[in-house]
2 protein chains.
Amino acid sequence: MSEQPVFNRRHSGAHILAAALTELYGDVKLGVGPVVENGFYYDVLAPKTLTEEDLPKIEQKMREIIDRDDAFRREELSIEDAVKLFESKGQAFKVELLRDLKEKGTTKVNAEESLDIGGGAMNASVYHTGSFVDLCRGPHVDHSKEIGGAFALTKLAGAYWRGSERNPQLQRVYGILFSTKEELDAHLKMQEEAKKRDHRKLGKELDLFHLAEEVGPGLPLFYPKGAWLRRTVEDLIMRRQEARGYQAIWIPHITKGHLYEISGHLQKYDAMYPPMSLKDEADYYLKPMNCPHFMMLYKSQPHSYRDLPVRWVCTTTNYRYEKSGELSGLTRVRSLTQDDCHVFTTPEGIRAEIDLVLDMVGDVYRIFGFKDFKVRVSVHDPAKPEAYIGDKEIWSQSEATLKELITARGWEHEIGVGEAAFYGPKLDFIFKDAIGRPWQLSTIQLDMNLPNRFDLEYVAADGSKKRPVVIHRAILGSTERFLGILIEHFAGAFPLWLAPEQIRIATVADAFVLHANKLADELRAAGLRVWVDASPEKVGKKIRAAAMMKVPWTVVIGEKETGGGDLHVKVFGEEGEKVIPAGTFVDETVRLAQPPK
Amino acid sequence: MSEQPVFNRRHSGAHILAAALTELYGDVKLGVGPVVENGFYYDVLAPKTLTEEDLPKIEQKMREIIDRDDAFRREELSIEDAVKLFESKGQAFKVELLRDLKEKGTTKVNAEESLDIGGGAMNASVYHTGSFVDLCRGPHVDHSKEIGGAFALTKLAGAYWRGSERNPQLQRVYGILFSTKEELDAHLKMQEEAKKRDHRKLGKELDLFHLAEEVGPGLPLFYPKGAWLRRTVEDLIMRRQEARGYQAIWIPHITKGHLYEISGHLQKYDAMYPPMSLKDEADYYLKPMNCPHFMMLYKSQPHSYRDLPVRWVCTTTNYRYEKSGELSGLTRVRSLTQDDCHVFTTPEGIRAEIDLVLDMVGDVYRIFGFKDFKVRVSVHDPAKPEAYIGDKEIWSQSEATLKELITARGWEHEIGVGEAAFYGPKLDFIFKDAIGRPWQLSTIQLDMNLPNRFDLEYVAADGSKKRPVVIHRAILGSTERFLGILIEHFAGAFPLWLAPEQIRIATVADAFVLHANKLADELRAAGLRVWVDASPEKVGKKIRAAAMMKVPWTVVIGEKETGGGDLHVKVFGEEGEKVIPAGTFVDETVRLAQPPK
């Protein structure tokens, strides 16, 4: 038995799913059944409506069929013969696809997906497994046992045939499939873990943010704890930036459309909100990005090579009209607050500026404990010189610089040839979170386009006017998305320095409220975020309530603690207690609550 | 000679201006000539177009006429007789006004102004001075010498007759007039001083903000120094608020229109930007205020009397479509960032919350050195109980509380009966700046309306559901306007703790740049904002450049200073120098740069 690529296993798994459905329910009309991330699906119209309860039975039937170890046999047919074959089987959807292929020369299933139904232009291939046959280009495993048993049917969904509401609605059966049982188990465990860490669920439970029907999808409102996290993360980045000579600017959230005509966004960028039309004036637009405003501000002052680089940061919120179906909690929003930096530099300054940005990225990832990341270096395609604008010398030097500086830091990276934008090369940072899911975070992008469009200049040492290069850069990406990722990464259990509520003080009885409040005031005066639970509940219940909110430290104040002896700290997620003398408690807490250097 | 009220002097001054114009230019058609703030104007159509160069001559003629000391003689005429009189004088505008009075029973000059042309419904009064006669209700001085000599003609402007573009354009001659020469001089000096302090001029000179044609009027962009001022002011307020238990929330800048239907703003508030119409979704609006979002966030959680008050602050920017003609620098903008606080409290909690807010106001004014302010207390009109909503008991108690708490603080105040909003009483703070100009700043407003419209509740001690009261509050008003006022108050010469650039280090020669940079780094590490001027210019020129930018401290680094001896500080606006030993320079600067406690 040969070792099969997992793609082939998944592909064959989809056929076996269709075969199992046919054996179980008889006249099942088959739509399409492609391989997707981690598995496959099949769209079907069965004589009965399938429910989640049917999935184990279907899965069992699949295992039976796999155990028969039938061969996957490929057959090449003319389109006419293929049509006859699927007509005889009553598979109208397959016949429709074949007719389309013949008449329109296309295999497009719907606007987004193109299905490879095999063969040459006027041929089609089919695959037989036992008595089951499907229109398919392949490849597949040779015999069904090679699929292996490391699979599971996971869910059902509705799906219109070819994605159009005008067509019949089919049922989509999803399966996941891996090469080994270990991989399957790890995936299921990660799914389970991801569910627990879902930031939309935790956002509600931990009073972080709120999505209101009356305000609109993708526009989260932040409760004090969530707003505190926003500000902390933004301030932390800003302080690190200021220490490196970056300066904040402030720009309004709307602008005349004219600005986006100059930048070219109005013509090309499709996530802009529609205009606000003022009768007596221009049309105004919500800004979907800051770049044009940065350009205007640079252009409004004279610049000499002596003043460059200009390193400007802006964190006023951008608005992008993402489709409502694509929105998700904080990770895909319509209101996104980027930690947006633009550096205006001489070409000679590019290397030092990239180096400084990489320093910042490394610094910030270290603070948040992001150890597992890699870098994608997007460079130009030397075979298509006509596809890029800007000075060739700047292109080749800056690409070399990017690779060299990343390599010097020992950061894992990949080169994406031909992935550069038409106006400059780029770096993307992909971070893996605590349960191994990849998230794209930071981006560094060279830009030789906007300085042209806005006719930016600086006076060079020889007195001539030259064009600066712009480096766009975001480290967090957006505050909203970063917070969503942070919540999932930490599963809502933030480290002491970052937690919106750092310390919960629980009183044993009313007699100790005064003492608890005094301690709380001392801690607050030292800059810590403390809540006192002086409710009439039992202390055990108070401790559990604090744990529910994932408060890092809980301190009980009762008879013993009012005497000035040791304080006992229940640390979230740890066994046992941390014991700190009352006399040094504030100092010690301040010390332990410092963000990583 | 009796002591005349200044209104009468100004009123008579307008007549004398018209008389002077008539004597100088012959057939002058007279429009209207009312008293305005600090003086008067007259709208006229003269046989020649007046220019600024004519003003001294006209002023001279006025003084001549005043010296004649003619009596101001009132005469009451029937409208018919008055029409005849002004027809005989060729004063068509006066005749038109008289005919209107007769036909429409109105004396309205245009949509905004109503001119009192005297007499009863069917009578008109005229005033004679020498051979000059004007339609006028009075009152006037008795003899022209009583007007005094403390006046000046200040400017010319165009003005359509009755404010309509369809009517002839007249020329408006402005004059200022005071009871004494001292008052006139003080006013002229203040005008001169105000011109120097104009924040629009200083905003450009000091690199604070920029208005870009491509972005739009009323939408300032802030350079790093201006953005730094914004953040400093906002952070300072936020820290003081946090120390008093206020918590920041965050809300998006746009919302579905539905939210403003609930709040009633969509129907009533006229400064909203037009909607962004999304085909597949609702209309979205830029938020002109935060209140409805605050209400939504409160409503999304259960509240018990135990958790009240809830004190929430929000500083995301609001957008109001102010008419472009009314916009001015930072003091009248379309993008305004309010330091907006909403307190949700039980009726019993109102007193303590108002007290806390007054504490905050007093605190903030003290920090910025605002000593000269008064409070306007707007209360309901007891004669019109039907004009107000909400619990009568809450009205009377809270109004009494407002007066009592203001009085207890010894703050100058006035009571405005009938000036309350229909939903609650209010406090406004009017601050006088360094040159005596009044600015409305803080507002505190009780609200018994929005809690109803949003059906807000809390669970009372007896388990019943009750309606909270909301207190709206802004201390700065908006960051933009406050900065505009601050710039004018300080004439751009910010105190050391507030200045965007605190210290300029000027090198005597290239040999001292290393030493200057080392000192700058030490100061920066201590949190100070320092620039090094290492340009090849002479040190005298560098010192003057720093003074042009109104940098509080300038330190010269040369041969003497590199040896570790004393450092000499040139303090902006002061004679002489401040001498600080090099060894304690950083510590001493940090100490002196602290904001007032």
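Table: residues versus (1) under 30 Å from A:ASP359 (Cα atoms); (2) in contact with a strand residue (DSSP E or B) (Cβ under 7 Å, 6 or more places away or on another chain); (3) not β-branched (Val, Ile, Thr).
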| site | (1), (2), (3) |
| --- | --- |
| A:ALA493 | yes, no, yes |
| A:ALA511 | no, no, yes |
| A:LEU523 | no, yes, yes |
| A:VAL571 | no, yes, no |
| A:LYS578 | no, yes, yes |
**Fill in**
B:LYS542 passes all but one of the listed conditions (1) touching a helix residue (DSSP H, G or I) at 6+ places or on another chain (Cβ under 8 Å); (2) under 24 Å from B:LEU202 (Cβ atoms); the exception is number (1)
**Complete:** Within the range B:208-234, residues facing chain A (nearest Cβ under 9 Å), over 20 Å from the mean Cα position of the chain (by Cα) and in a helix (DSSP H, G or I) come out as B:PRO224, B:LYS225, B:ALA227, B:TRP228, B:ARG231
**Prompt:** Could you list, in sequence order, the residues of the range B:32-61 that are surrounded by 17 or more Cβ atoms within 10 Å (Cβ to Cβ), part of a loop (DSSP other than H, G, I, E, B) and within 29 Å of the chain's Cα centre (by Cα)?
**Reply:** B:VAL32, B:GLY33, B:ASN38
**Request:** Report yes if A:ARG306 is facing chain B (nearest Cβ under 9 Å) and either among the acidic types (Asp, Glu) or more than 22 Å from A:TYR260 (Cα to Cα) (or both), otherwise no.
**Result:** yes
**Complete:** Of the residues in the range A:416-434 that are touching a Ser or Thr at 6+ places or on another chain (Cβ under 9 Å) and within 30 Å of A:ALA194 (Cα to Cα), the one that is surrounded by the fewest Cβ atoms within 10 Å (Cβ to Cβ) is A:GLY416
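For the range B:361-417, give me the residue count where each residue is among the acidic types (Asp, Glu) and over 20 Å from B:GLY477 (Cβ atoms). Quick ask: steps written out before the conclusion?
As a first pass, look at the range B:361-417 and keep what is among the acidic types (Asp, Glu): B:363, B:372, B:381, B:386, B:391, B:393, B:399, B:404, B:412, B:414.
Now drop any that are not over 20 Å from B:GLY477 (Cβ atoms), which leaves B:381, B:386, B:391, B:393, B:399, B:404.
Summing the residues that are among the acidic types (Asp, Glu) and over 20 Å from B:GLY477 (Cβ atoms) in the range B:361-417 gives 6.
Out of B:GLY264, B:GLY245, which single residue is at pLDDT below 95, at the interface with chain A (Cβ under 10 Å from one of its Cβ atoms) and at positive phi? Don't jump to the end; show me each part of the working.
Details: B:GLY264 fails: at the interface with chain A (Cβ under 10 Å from one of its Cβ atoms).
Going through B:GLY264, B:GLY245 in turn, the sole match is B:GLY245.
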**Asked** Among (1) over 26 Å from A:VAL469 (Cα atoms); (2) of a type in the set (Gly, Ala, Ser); (3) at the interface with chain B (Cβ under 10 Å from one of its Cβ atoms), where does A:GLY325 come up short?
**Response** (3)
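Loosely packed, with under 15 Cβ neighbours inside 10 Å, of a type outside the set (Asp, Glu) and away from every other protein chain (no Cβ under 14 Å): does that describe A:GLY410? Even if it seems obvious, please write down each step before you answer.
Details: loosely packed, with under 15 Cβ neighbours inside 10 Å: yes; of a type outside the set (Asp, Glu): yes; away from every other protein chain (no Cβ under 14 Å): yes.
Criteria met by A:GLY410.
May I ask you to say which residue of A:ARG306, A:ARG240, A:ARG311 is under 30 Å from B:VAL233 (Cα atoms), of a type in the set (Lys, Arg) and modelled with pLDDT under 95?
On the way: A:ARG306 fails: under 30 Å from B:VAL233 (Cα atoms); A:ARG311 fails: modelled with pLDDT under 95.
So the residue among A:ARG306, A:ARG240, A:ARG311 that is under 30 Å from B:VAL233 (Cα atoms), of a type in the set (Lys, Arg) and modelled with pLDDT under 95 is A:ARG240.
When you look at B:ASP355, is it part of a strand (DSSP E or B) and closer than 17 Å to B:THR443 by Cβ, yes or no?
Numbers: part of a strand (DSSP E or B): no; closer than 17 Å to B:THR443 by Cβ: yes.
Taking the combined requirement at face value, the residue does not satisfy it.
Among A:PHE209, A:PHE151, which is over 27 Å from A:SER12 (Cβ atoms), among the aromatic types (Phe, Trp, Tyr) and modelled with pLDDT of 95 or more?
Exactly one of A:PHE209, A:PHE151 is over 27 Å from A:SER12 (Cβ atoms), among the aromatic types (Phe, Trp, Tyr) and modelled with pLDDT of 95 or more, namely A:PHE209.
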**Asked** Within the range B:412-446, can you find the residues that are over 19 Å from B:LYS384 (Cβ atoms) and of a type in the set (D, E, K, R)?
**Response** B:GLU412, B:GLU414, B:ASP428, B:LYS432, B:ASP433, B:ARG437
**Prompt:** Which condition does A:PRO274 not pass, out of (1) crowded, with 23+ Cβ neighbours inside 10 Å; (2) at the interface with another protein chain (Cβ under 7 Å from one of its Cβ atoms), if it passes all the others?
**Reply:** (1)
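Residue check: is B:THR345 within 13 Å of chain A (Cβ to nearest Cβ) and buried (at least 20 other Cβ atoms within 10 Å of the Cβ)?
Criteria not met by B:THR345.
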**Asked** What single numbered condition from (1) more than 23 Å from the chain's Cα centre (by Cα); (2) more than 30 Å from B:GLU183 (Cα to Cα); (3) part of a loop (DSSP other than H, G, I, E, B) fails to hold for B:GLY410?
**Response** (2)
**Request:** Looking for whichever is more than 24 Å from the chain's Cα centre (by Cα), among the small types (Gly, Ala, Ser) and either in the same structural domain as A:ASP207 (by TED's automatic domain parsing) or over 16 Å from A:VAL361 (Cβ atoms) (or both) here; the options are A:SER464, A:SER442. Which one fits?
**Result:** A:SER464
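Is it the case, given these coordinates, that A:LEU476 is closer than 30 Å to A:PRO288 by Cα, at pLDDT below 95 and buried (at least 17 other Cβ atoms within 10 Å of the Cβ)?
Values: closer than 30 Å to A:PRO288 by Cα: yes; at pLDDT below 95: yes; buried (at least 17 other Cβ atoms within 10 Å of the Cβ): yes.
Considered against the rule, which asks whether it is closer than 30 Å to A:PRO288 by Cα, at pLDDT below 95 and buried (at least 17 other Cβ atoms within 10 Å of the Cβ), A:LEU476 comes out as yes.
For B:LEU188, are the conditions met, namely being at pLDDT 90 or above and farther than 30 Å from A:CYS341 by Cβ?
Taking the combined requirement at face value, the residue satisfies it.
Say whether the condition of being in the same structural domain as A:LEU101 (by TED's automatic domain parsing), farther than 26 Å from A:ALA92 by Cβ and among the small types (Gly, Ala, Ser) is met by at least one residue in the range A:172-182. Working first, answer last.
In the first step, residues of the range A:172-182 are kept if they are in the same structural domain as A:LEU101 (by TED's automatic domain parsing); the result is A:172-182.
Still in the list and also farther than 26 Å from A:ALA92 by Cβ: A:176-182.
Then drop every residue that is not among the small types (Gly, Ala, Ser), which leaves A:179.
Yes, some residue in the range A:172-182 is in the same structural domain as A:LEU101 (by TED's automatic domain parsing), farther than 26 Å from A:ALA92 by Cβ and among the small types (Gly, Ala, Ser).
Evaluate the range B:316-335: report whether one residue or more is under 29 Å from B:GLU412 (Cα atoms) and surrounded by fewer than 21 Cβ atoms within 10 Å (Cβ to Cβ).
First pass over the range B:316-335, keeping only residues under 29 Å from B:GLU412 (Cα atoms): B:330-332.
Pick out the ones that are also surrounded by fewer than 21 Cβ atoms within 10 Å (Cβ to Cβ) and you get B:331-332.
Scanning the range B:316-335, I find at least one residue that is under 29 Å from B:GLU412 (Cα atoms) and surrounded by fewer than 21 Cβ atoms within 10 Å (Cβ to Cβ), so the answer is yes.
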**Odd one out for A:ARG437 among (1) at pLDDT below 90; (2) crowded, with 19+ Cβ neighbours inside 10 Å** = (2)
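The values are calculated or read from the model by the stated rules, or taken from the named source; none is laboratory data. Predicted, not measured: the structure shown is a model, and the values here were computed from it. Note: ideal-geometry Cβ built from the backbone for every residue, glycine included; neighbour counts use all protein chains shown.
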